[in-house]
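Trainee: Sharing a structure, written as structure tokens. Questions coming.
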Amino acid sequence: MTASPLLSRPGAVQEEGGSVAVHYGDPLREQRTLAEGAGLVDRSDRDVLVVPGADRLSWLHSITSQHFERMADGAGSEALVLSPNGHVEHHLVVAELAGTTWADVEPGTGAALLGYLERMRFMLRVEPALVTDAWAVLSVVGPQAPAVVAAAGLPAPERQYAVVPSGTGFVRRMPPLGDGGSAVFDVLVARAELAATADRLLAAGARPSGSSAYEALRVEARRPRFGVDSDHRTIPNELQWLTTAVHLEKGCYRGQETVARVHNLGRPPRRLVLLHLDGISEDLPAPGADVLAGTRTVGRVGTVVRHHELGVVALALVKQSVAPDTALTVAGSSAAMDPDDAPAEVDDTRAAARDRVRAVRSATIGR
């Protein structure tokens with residue numbers, strides 16, 4: 001993909017192998033901006049698809065995990081495409097507006113999703129298309145984001161997933177990041193208007209913030225990222241996608257049997273947790289690195305970040321049998337599960353888990 005025009009801004013450092021800024025010179029300060037003020041994050045590397053056509057909602061309803069038939073104009077949501085065995089193959093963030101369903105997805109995954117949609121068209125009145133070259137996503141994040149968006153003359157929806165038209169694009173409110181206090185507004189704009197829209201938001205009070213700041217607050221909020229925090233075995237029940245991207249009362253769709261069976265049993269094979277790492281190594285573990293309990297592999301890490309308050313933390317999928325106070329290692333670093341991610345039935349181990357976190361994080365004090 002062509003490099004974003006926002007990379008020409010002062011201090012911009014390009015994401016390795018990517019097309020947007022990973023930071024603008026001070027990653028930790030940019031995290032604090034998203035946690036306490038309002039930052040503008042360039043997310044124009046995301047792929048964008050459109051699905052117009054009279055049959056689009058009933059069609060998407062039949063091939064994804066979401067209840068599209070009830071989706072009203074001006075509504076948004078998340079949705080999954082699952083394999084026949086219930087494994088996650090695609091994650092979509094969607095918006096329904098003026099007779100077209102929009103979806104933005106992870107960078108580089110749009111072509112594969114379009115290929116799947118094309119195979120499922122049959123004789124229906126739908127025209128899915130990949131439009132990444134024409135459209136781009138910006139995100140305004142932080143407690144002051146609603147005021148900044150409004151000051152820029154853009155709509156600031158109050159409800160999560162609400163979508164309001166803006167020019168030729170739209171503004172969509174997403175669930176908050178960080179500790180829950182950082183509001184998120186996704187702004188879809190014509191790619192030709194990307195720089196001008198960014199200028200408008202910066203003039204309204206947003207500060208340039210790189211993708212690493214966004215990722216840090218996303219990890220804190222336990223919001224998974226497809227292909228990083230998920231693997232080929234991931235089912236929705238292991239992640240919060242079960243509540244944000246799956247409609248548990250809708251009819252048949254591919255992979256539904258697995259989702260329903262595991263939901264009824266109430267115990268998926270793995271669960272997503274936040275791990276605290278000792279941070280002694282300068283090199284962060286790569287996504288997919290094993291989580292070990294002694295010599296036994298009990299999970300895999302996804303996104304690993306340096307958080308401005310929490311230190312080195314990671315999202316990880318671990319086996320249900322792993323107790324919250326278990327001593328863990330990842331790529332040679334000591335790790336401890338956040339006690340807030342303990343299953344409800346083992347609340348009595350939370351104190352021990354907190355002790356493990358304190359012991360791991362103490363390794364970085366004074367560094």
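Trainee: State which residue is farthest from Ser209 (Cα to Cα) when the search covers only region 2-24 and only residues that are assigned to a loop (DSSP other than H, G, I, E, B) and hydroxyl-bearing (Ser, Thr, Tyr).
Mentor: Selected residue: Thr2.
Trainee: So, one more: Output the number of residues of region 66-76 satisfying the condition of being surrounded by 21 or more Cβ atoms within 10 Å (Cβ to Cβ), among the small types (Gly, Ala, Ser) and either on the phi > 0 side of the Ramachandran plot or not in a strand (DSSP E or B) (or both).
Mentor: Total meeting the criteria: 0.
Trainee: Can you report the number of residues in region 114-142 which are open to solvent by less than 60 Å² (accessible area, probe 1.4 Å) and modelled with pLDDT of 95 or more?
Mentor: Selection size over region 114-142: 19.
Trainee: Mind checking which residues of region 261-270 are out of contact with any Gly (no Cβ under 9 Å at 6 or more places or on another chain) and either of a type outside the set (D, E, K, R) or open to solvent by less than 80 Å² (accessible area, probe 1.4 Å) (or both)?
Mentor: His263, Asn264, Leu265, Gly266, Pro268, Pro269
Trainee: Taking region 78-111 as the search range and keeping residues that are outside any strand (DSSP E or B) and of a type in the set (A, V, I, L, M, F, W, C), which one is nearest to Ala136 (Cα to Cα)? Explain how you work it out, then say what you get.
Mentor: So in region 78-111, the residues outside any strand (DSSP E or B) come out as 83-87, 98-99, 106-111.
Then keep just the ones that are of a type in the set (A, V, I, L, M, F, W, C); that gives 98, 111.
Numbers: Ala98: 18, Ala111: 16 Å.
Going through the qualifying residues, I end up with Ala111.
Trainee: Identify, from the list Glu158, Glu249, the residue that is without any contact (Cβ under 8 Å) to a residue 40 or more places away in the chain, open to solvent by 30 Å² or more (accessible area, probe 1.4 Å) and acidic (Asp, Glu).
Mentor: Glu158
Trainee: Can you tell me how many residues within region 190-233 are over 15 Å from the mean Cα position of the chain (by Cα) and of a type outside the set (Gly, Ala, Ser)?
Mentor: Residues that pass the stated criteria total 12.
Trainee: Looking at Ala111, is it in contact with a strand residue (DSSP E or B) (Cβ under 7 Å, 6 or more places away or on another chain) and open to solvent by 40 Å² or more (accessible area, probe 1.4 Å)? Reasoning before the result, please.
Mentor: Details: in contact with a strand residue (DSSP E or B) (Cβ under 7 Å, 6 or more places away or on another chain): yes; open to solvent by 40 Å² or more (accessible area, probe 1.4 Å): yes.
The answer is yes for Ala111.
Trainee: Hey, can you tell me all the residues within region 174-187 that are open to solvent by 20 Å² or more (accessible area, probe 1.4 Å) and in contact with a strand residue (DSSP E or B) (Cβ under 6 Å, 6 or more places away or on another chain)?
Mentor: Pro176
Trainee: Any idea how many residues of region 227-238 are open to solvent by less than 40 Å² (accessible area, probe 1.4 Å) and either touching a Ser or Thr at 6+ places or on another chain (Cβ under 7 Å) or more than 28 Å from Ala213 (Cβ to Cβ) (or both)? Lay out the reasoning, then the answer.
Mentor: Our first condition is that a residue be open to solvent by less than 40 Å² (accessible area, probe 1.4 Å); within region 227-238, this holds for 228-231, 234-238.
Within this subset, residues satisfying the condition of being either touching a Ser or Thr at 6+ places or on another chain (Cβ under 7 Å) or more than 28 Å from Ala213 (Cβ to Cβ) (or both) are 228-229, 235-237.
Result for region 227-238: 5.
The values are calculated or read from the model by the stated rules, or taken from the named source; none is laboratory data. None of these values were measured; they are calculated from a predicted model. As a convention, Cβ positions derive from the backbone with ideal geometry for all residues, glycine included, and neighbour counts pool all protein chains shown. Only protein heavy atoms, including side chains, enter the accessible area calculation; ligands, DNA and RNA are left aside. Shrake-Rupley method; radii C 1.70, N 1.55, O 1.52, S 1.80 Å.
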